[in-house]
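Taken together, the values in this text are just the output of simple stated rules run on the coordinates, not laboratory data. From a predicted model like this one, the values you see are computed outputs, not experimental measurements. Cβ: placed from backbone, ideal geometry, glycine included. Neighbour counts: every protein chain shown.
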Amino acid sequence: MSATKPDLIFGVGVPASAAPGDDPVGLAQEAERLGFDFVSAADHPCGTSPSYETTVMLTWIAARTSRIGVASRVLGMPFRRPAMVAKLAASLDLMSGGRFILGLGAGYSDEEIAAVGGPALSPAEKIDALAEAVQVIRGAWTRSDYAQHGRHHGVRDLTMEPRPAHPIPVWLGTFGPRALAATGALADGWIPSLGYKPVAEFPAMRRLIDDAAEAVGRRPADIRSILNLNIRLGPAATPEEDVVSGSAEQAVSQLRHLLSLGFTGFNFLVGPDQRAAMQRLAGEVLPALRSTG
């Protein structure tokens, strides 16, 4: 991975659950109090479990906090038109004082995509559509009368005001070679999830990103690597495959190994009793990791 890395950053996922008693805004406020750098939320608009729409919830969180970043982890592009995502992102970033991170994905669940009337695409077509979407979004942020005529997404005479006051980070959740190349060519960050690929494959995946970045004249060091992972702390946290678990000292050791692969931060999914888990993570794990960085 890149030789020069930015400062470490640490986020925590908050559920988009709208079930009685759930309080994602309160959890985000606690994450801010504890010193996390950002909170994130997944994007699954369909299903029988009650949930909030991700960007609406993140907007509400941004309005009820003052410092912490808010990140989509990740918005499924087949659910939305890219130009409107550009407008949404610019609005949320401006109104939050520059705290939005736009995480995007190609769309994981074909069933969800079909349920909302989205297109039926092959895996390769999904990646091509994602790349075109990022180009539309960046064009809308930076140009007047922008036009793009792609196979999947096109815009004509597109002008949107106000434009973002600063570059909004675009992070992509990608895994295959085609998707990793798009990340290197277009994105500001890479946010894969632990468990989708063997840990030993991550450095080679990052090299594909770096090669793609260099091929278009970009600096690989400008592209963050943030690992999305489940973590369980405490004496009852038994070892699980693809989960960081155990005592705080054991978790720090596992996380340092992941940092040694070139990651520049983590997005933690802490499971049940989230408030207490965040407090332990902030008190016993993050200080040790920050001293590593």
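A few comments on the model shown:
- Note on S144 and C46: the model spin-label points, each 7 Å out from Cα along the C-beta direction, lie 4.2 nm apart.
- For the stretch 223-260, applying the loop criterion from DSSP together with a ceiling of 13 other beta carbons within 10 Å to the GluC sites (Glu not before Pro) yields E241.
- Taking P239, P123, P15 as the candidate residues, the one with maximal mean-square fluctuation in a Gaussian network model of the chain, Cα springs under 10 Å, is P239.
- Of the trypsin sites (Lys or Arg not before Pro) in the stretch 30-134, the ones in a loop by DSSP (not H, G, I, E or B) with at most 13 other beta carbons within 10 Å are R64, R67.
- With K and R counted +1 and D and E -1, the other residues having a Cβ less than 11 Å from that of A62 yield a net charge of +1.
- Other residues within the sphere of radius under 15 Å centred on the Cβ of V252, judged by their own Cβ, net out at +2 (K and R +1, D and E -1).
- The chain: angle of helix 123-142 to the longest principal axis, Cα-based, in degrees nearest 10: 80 degrees
- Relative to the longest principal axis of the Cα atoms of the chain, helix 248-260 runs at roughly 40 degrees.
- Proportion of all alpha-carbon pairs of the stretch 9-292 beyond 26 Å (%): 43 percent
- Cβ-defined net charge surrounding E214, 12 Å radius [Lys, Arg +1; Asp, Glu -1]: 0
- Net dipole in debye of the stretch 124-165 [+1 Lys, Arg Cβ; -1 Asp, Glu Cβ; about Cα centre; nearest 20]: 80 debye
- At most 14 other Cβ within 10 Å, DSSP loop - trypsin sites (Lys or Arg not before Pro), the stretch 131-204: R143, R151
- Comparing S49, Y146, L286 along the charge dipole axis of the chain, the residue lying farthest to the positive side is Y146, per the Cβ-charge model.
- Normalised alpha carbon radius of gyration of the stretch 181-289 [divisor 2.2 N^0.38 Å]: 1.17
- Multiplying the residue separation of A288 and K197 by 0.36 nm and removing their Cα-Cα distance gives an extension gain of 30.1 nm.
- Separation of alpha-carbon centers, the stretch 156-209 and the stretch 72-126, rounded to whole Å: 13 Å
- Bridges between two residues of the chain, per DSSP, are antiparallel at a rate of about 15%.
- This model, with +1 at the C-beta of Lys and Arg and -1 at the C-beta of Asp and Glu, gives the stretch 9-292 a dipole about its Cα centre of some 620 debye.
- Residue among D22, D37, D188 with the largest mean-square fluctuation in a Gaussian network model of the chain, springs linking Cα atoms under 10 Å: D22
- Principal-axis tilt of helix 54-63 within the chain, Cα atoms, nearest 10 degrees: 70 degrees
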